[in-house]
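One structure is given here, and the rest of the page talks about it.
Nothing in this text is a laboratory measurement; each read-out follows from the coordinates by a stated rule. Treat the numbers as computed from the prediction; the structure is a model and nothing was measured. Cβ placement follows ideal geometry from the backbone for every residue including glycine, while neighbour counts extend to all protein chains displayed.
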Amino acid sequence: MTHGETIAGSPGPEPADERALSIAAGRLGRTELAPLVRELARRYGDGTAPATLTLRDLSLAERRALADLLGLDRLPPQTTRLAVARFATAVGVDGPEELRAAVEQLVGPLEDRRATRAARQQARDDLWGWLADQVAQLTLSHADDGTLATWVDRVRLAGVPGGDVEAHRLLLGRVLETLRHLPGDGIALSSLAADSHGGDAHALDRGRGTATLVLDAVAMLLGQDRPTDAETTRLLWERVGVVPDPLSSTVLTLGLRPPGNDPLAAHLRSMTDAGEPSTLTLSQLRRWPVAPLARGSTAFVVENPTLVAEAADRGWDGAPLVCTSGRPTHAVVVLLRQLGADAATLAQHADFDVAGLGISSWLSGRTGSHPWQMTSHDYLEALRASGTTVQLRGAVPPTPWDPTLQEAMARHGLAVHEEAIRGELLGRMAQMGRSQSPKARRDRH
């Protein structure tokens with residue numbers, strides 16, 4: 001066998017650079033040089049080749065190993081600063097990049113932390129840009145310009161949980177899909193969850209991440225605080241036409257006497273005969289719809305239960321009363337739609353405040369109710385009659401049924417609650433609706 005030949009099947013000589021790296025790694029691999037290797041790995045992981053290294057708190061054995069490696073004639077101090085090029089020369093490689101390769105043979109591939117940080121930041125920037133673009137395409141009927149952009153800013157400030165951008169993108173995608181389904185028209189919360197979350201009917205249960213983000217967006221759109229308990233959560237869902245529970249969505253009534261033999265009609269007639277109010281659930285109204293009122297007849301809609309209680313105490317025999325008990329639930333909407341299906345008049349009154357005006361507009365658009373005793377003239381009369389000193393809170397919203405009402409309320413800056421004028425309101429309701437009562441019909445005959 002001549003010089004330079006190899007035995008059949010045996011590997012040929014390693015490339016010179018590979019041999020050099022292996023030798024360098026062997027020289028660096030001494031246990032006493034571990035602080036040097038760790039510091040080199042840390043500095044290379046910052047993304048650039050370091051020019052110098054500072055080694056601190058070296059033991060006597062580590063100082064001796066460092067002196068042997070560099071050929072020093074004396075021990076370096078416990079904390080020493082040295083040029084990286086000296087280490088490359090000492091282990092026999094050409095420059096900092098080959099020294100990095102030798103270190104990687106000892107500790108494995110080194111992460112470029114700077115590049116990793118830049119990539120993560122770019123992924124976050126891409127996520128927020130995508131979210132802003134998607135939100136800009138939403139067409140929620142109750143959204144103000146810029147409102148959801150503010151929500152995007154809030155979500156961005158909260159950051160990416162666990163740093164997992166793709167998982168957060170998936171979560172936000174489900175949030176957006178839920179928002180695209182809003183406002184609903186009495187859809188069950190579980191059905192909305194299933195429709196927007198690939199069949200997961202519990203995805204919007206209280207406390208779930210998607211539900212929290214959706215409700216944050218809805219609350220911001222409606223100018224409300226974030227819900228803090230089960231009741232405020234339910235009311236917020238109902239404001240956008242979603243029913244968390246058909247048994248907890250209710251409406252208070254007095255004086256309803258529908259025909260029919262179903263249990264709800266019989267119950268309402270019995271309660272009316274007894275002069276007692278009735279609280280109906282959405283579930284009951286869906287199972288046994290209430291018959292429409294006759295064309296030309298009237299039902300009165302009020303905001304505050306106090307009026308219904310006082311009417312019952314007076315032995316109410318006027319037109320039916322329906323109470324929203326503040327912000328209307330979907331049960332209120334369903335009952336009013338049922339009562340007004342044959343063009344009966346739904347005469348609706350609310351507090352002369354920001355929330356009351358919002359209720360009037362909201363109900364009118366969903367049930368065909370008509371604001372009643374809710375003009376600027378009525379407001380000024382109520383101011384005089386009540387002597388109120390309650391200050392309005394918030395900007396007065398538009399009052400399309402009487403634009404001068406908005407102007408008058410903004411000018412005076414005072415609210416008038418129904419309770420303060422309940423006597424006048426009940427008297428007018430009784431007078432207008434007495435002709436519809438059973439007693440009045442019997443008297444005419």
Among Leu285, Leu131, Leu36, residue whose mean-square fluctuation peaks in a GNM of the chain (springs only between Cα atoms under 10 Å): Leu36
Calculated [θ] (222 nm, deg cm²/dmol) that DSSP helices of n ≥ 4 give over the chain, each run adding -39,500 (n - 2.57): -16000 deg cm²/dmol
When region 250-444 is reduced to its Cα atoms, the Kirkwood hydrodynamic radius in Å: 17.0
R0 of 22 Å, Cβ-Cβ distance Asp313-Glu424: FRET efficiency to nearest 0.05: 0.85
Most mobile listed residue (Val396, Val91, Val165) in the chain, GNM with C-alpha springs under 10 Å: Val91
Taking the convex hull of Cα positions in region 16-111, its mean projected area over all directions (nm²): 5.5
Label point distance in nm, Arg269-Ile23, each placed 7 Å from Cα along Cα→Cβ: 10.9
Three semi-axes of the equivalent ellipsoid, region 120-243, Cα gyration tensor, whole Å, largest first: 23, 16, 14
Dipole of region 22-181 [Lys/Arg +1, Asp/Glu -1 at C-beta], most positive-end residue of Gly162, Ala115, Leu33: Leu33
Cα principal axis extents for the chain, largest first, Å: 134, 55, 36
Segment Leu75-Ala343, extension gain: residue separation times 0.36 nm, minus the distance between their alpha carbons: 86.3 nm
Length added when fully stretched, Asp164-Arg384, from 0.36 nm per residue minus Cα-Cα: 73.1 nm
Rounded Å value of the spacing that divides the Cα centres of region 67-103 and region 169-187: 60
Most mobile listed residue (Ala115, Ala350, Ala291) in the chain, GNM with C-alpha springs under 10 Å: Ala115
Solvent-free Debye scattering, log10 I(q)/I(0), computed from the Cα coordinates of region 212-338 at q = 0.09, 0.12, 0.13, 0.21 Å⁻¹: -0.29, -0.49, -0.57, -1.18
Positive-end extreme of charge dipole, region 250-444 - chosen from Leu383, Pro403, Ser325 (charges on Cβ): Ser325
